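All remarks here apply to the structure that follows.
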Amino acid sequence: MVGRSSLPDGALFLGLDSSTQSVKATVLSNELIIVASETVNFDSELPHYKTEGGVYRDPTDDGRIYSPTIMWVEALELLLEKLKPKINFSKVVAVSGSGQQHGSVYWKKGSQAVLSSLDPGKSLVSQLKDAFSTMDSPIWMDSSTTKQCREIENAVGGALELSELTGSRAYERFTGPQIRKIYQTAPHIYENTERISLVSSFMASILAGCYASIDETDGAGMNLMDINQRTWSKAVLEATAPDLEQKLGNLAPAYAAAGRISSYFVERHQFDKNCLVIQWSGDNPNSLAGLTLNTPGDLAISLGTSDTVFGITAEAKPSLEGHVFPNPVEPDGYMVMLCYKNGSLTREDVRNQCAEKSWDVFNNYLEKTPPLNGGKLGFYYKDHEILPPLPVGFHRYIVENFNDASSNNLKEHEVQEFDPQSEVRAIVEGQMLSMRGHAERFGMPNPPKRIIATGGASSNESILKLIAQIFGCPVFTVERPDSASLGAALRAAHGWLCKEEGGFVPISRMYTGNLEKTSLGAKLAVPAPGEEGRELLKKYTVLMKKRMEIERRLVEKIGRA
């Protein structure tokens, strides 16, 4: 049996994560123990780009949100410089990465030649600054492509048809509608584009010195890939833009090697020339890998810039909400996912307005207010929300007679504001009730066997306690909240092993029986609710159903879809 001993002694595996607000690195030893990590924050460490939260919001085009492509290049350079004193790059045998999903990069005609002949005596930024047909990368926060979404859905026979074909109905942040918008509104940019990369394959391309393929898992977040065949769907490509397949290149499995590392990094940073670049994938698939999520009853909740809920399944059953992607570490399986745009930045907004800009005050309010919040329900959309498809806005309701209610026949009335303590509980309770309601509707387990929480807010015990109460199950956390870069490092090791073995090997072979000795194990943060908690869970179930009913009415009245 192939085990951990298959990873060579002294070898290092580098995982990078190019996310919305930062780039991060996690380095694993051959024992799968974290030996180094580093971060570059875009706003504070690259202030000359003047981003806010790593992005620009276009005041002239409602919902258009993008990032400067070249900023990601500069951040990668800075990250490697910061990492250099901590590890010996020549010991890195494989590198892989995670990219914020759905973001896209447009390489100008002739850029492949630039990429393959980088001068190690010069910076990446100076050599790649003119390599793009547009300097703006549309990202997952963008919601300006509603028109293109409807056009693509209509062309293939409707939203459900597209979902069954590609794993998701057309979503504004998905790459296909973004490409169509560029083709329609800036045809000169589309015409001058030689290759379209996702953020993941873009970063892999820089490391490999040639265009890296889009991997199948991240490719599923584009509305362009046939989810069952794992090939580009001709029907959707035709509905999106002309000659698109040529600009996208071939798809590749997540565990495949994109090539060996470019001589640029060998000469400039002393990487070994045989170091493999394993296909990069999206941040959510990498989190799934980093959390070692491999039991169908488990759910993961990632509490980051966006909040996501994901689990695994043996077969693809797409629907009108949520997403189905190939499982990045199990070629025959799938991951199912729900994504919320209003995550940590929206919680932070409420903290700033109601809790003296202090997480301690915020948590104190959360602890002091009783569960169920006296029936106060809040809907907080600082940005256009994905799930449900609602515009920017804030809606507050008080559900009456809630504490002695046992049925769903509850009345509610709308109010303008809550007191600060109630506001704090309403944002967190509301987000978790929404997650539970949509997860159950999407067929995810109810209650889950356990929830693994990750992302920045997973270090907040008050929030974790609330998750356990609302979902009615134990909550676990991992050693590192940034599971995407950890998952990327683990996938680097896995890809190296697959290459060594000449084909796919289950990722669990690297840690089965040894998980607690690695940096991958999850520890219990909040146990499952006891007898008292089960009574509370029933009330949360009633409140959750009420919330879903109010949400449905809001969508009918003001929804964006």
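The values are calculated or read from the model by the stated rules, or taken from the named source; none is laboratory data. Note that the structure is predicted; figures quoted are calculated from it, not measured. Here the Cβ is made from the backbone with ideal geometry for all residues, glycine too, and neighbour counts use every protein chain on show. Accessible surface areas use protein heavy atoms only, side chains included; no ligands, DNA or RNA. Shrake-Rupley method; radii C 1.70, N 1.55, O 1.52, S 1.80 Å.
Can you flag which of K368/K538; K86/K341; K147/K317 are past 32 Å Cα-Cα? Table pairs above 32 Å Cα-Cα are K86/K341.
Spin-label model, T512 to E161: label points 7 Å out along the Cα-to-beta-carbon direction sit 4.4 nm apart.
The calculated FRET efficiency for the pair K538 and T231, based on their C-beta separation and a Förster distance of 60 Å, comes to about 0.80.
In what sequence, largest accessible area first, do S6, S22 appear using a 1.4 Å probe?
The residues order as S6, S22, largest area first.
For the range 475-544 and the range 266-336, compute the distance between their C-alpha centroids and round to whole Å. Here the answer is 12 Å between Cα centres. Pairs from the list K411/K545; K24/K499; K24/K91; K357/K523 with a Cα-Cα gap above 21 Å: K24/K499; K357/K523. Multiplying the residue separation of S459 and S123 by 0.36 nm and subtracting their alpha-carbon distance yields 117.3 nm. Computed from backbone phi with θ = phi - 60° and the Karplus coefficients 6.51, -1.76 and 1.60, the 3J(HN,Hα) list for the range 494-502 is 5, x, 4, 5, 4, 5, 4, 7, x Hz; x is used for glycine and proline. Relative to the dominant Cα principal axis of the chain, helix 344-354 is inclined by about 50°. Note that the chain presents 37 Å² accessible area per residue, ligands and nucleic acids not counted, probe 1.4 Å. Shown in residue order for the range 272-284 are the 3J(HN,Hα) couplings computed by the Karplus curve 6.51 cos²θ - 1.76 cosθ + 1.60 at θ = phi - 60°: 6, 5, 8, 4, 7, 9, 7, 2, 7, 9, x, 5, 5 Hz (x for Gly and Pro).
About its Cα centre, the chain has a charge dipole of approximately 280 debye under the convention of +1 per Lys or Arg Cβ and -1 per Asp or Glu Cβ, with nothing else charged. Between N154 and N446, the FRET efficiency estimated from the beta carbon spacing at R0 = 25 angstrom works out to 0.15. Note on K546: aspartates and glutamates with a C-alpha under 12 Å away, same-chain residues under 8 apart excluded, are E400, E412. Per-atom-type breakdown for the range 352-415 gives carbon and sulfur 46% of the accessible area (1.4 Å probe, protein chains only).
I'd like the antiparallel share, as a percent to the nearest 5, of DSSP beta bridges with both residues in the chain.
In the chain, DSSP labels about 75 percent of beta bridges as antiparallel.
Convex hull of alpha carbon positions in the range 422-561: directionally averaged projected area 11.7 nm².
The Cβ shell under 11 Å around L288 holds other residues with a net charge of -2, Lys and Arg each +1, Asp and Glu each -1.
Within the range 424-480, the trypsin sites (Lys or Arg not before Pro) that combine a DSSP coil assignment with at most 15 other C-beta atoms in a 10 angstrom radius are K449. Between D9 and A316, the distance separating the two model label sites (each 7 Å from Cα on the Cα→Cβ line) works out to 4.5 nm. Computed over protein heavy atoms with a 1.4 Å probe, the carbon and sulfur contribution to the accessible area of the range 178-248 reaches 46%.
In degrees from 0 to 90, rounded to the nearest 10, what is the angle of the helix 175-185 Cα long axis to the longest principal axis of the chain? Helix 175-185 and the main axis of the chain meet at about 80 degrees. Centre-to-centre, using Cα atoms only, the range 379-443 and the range 237-255 are separated by 40 Å.
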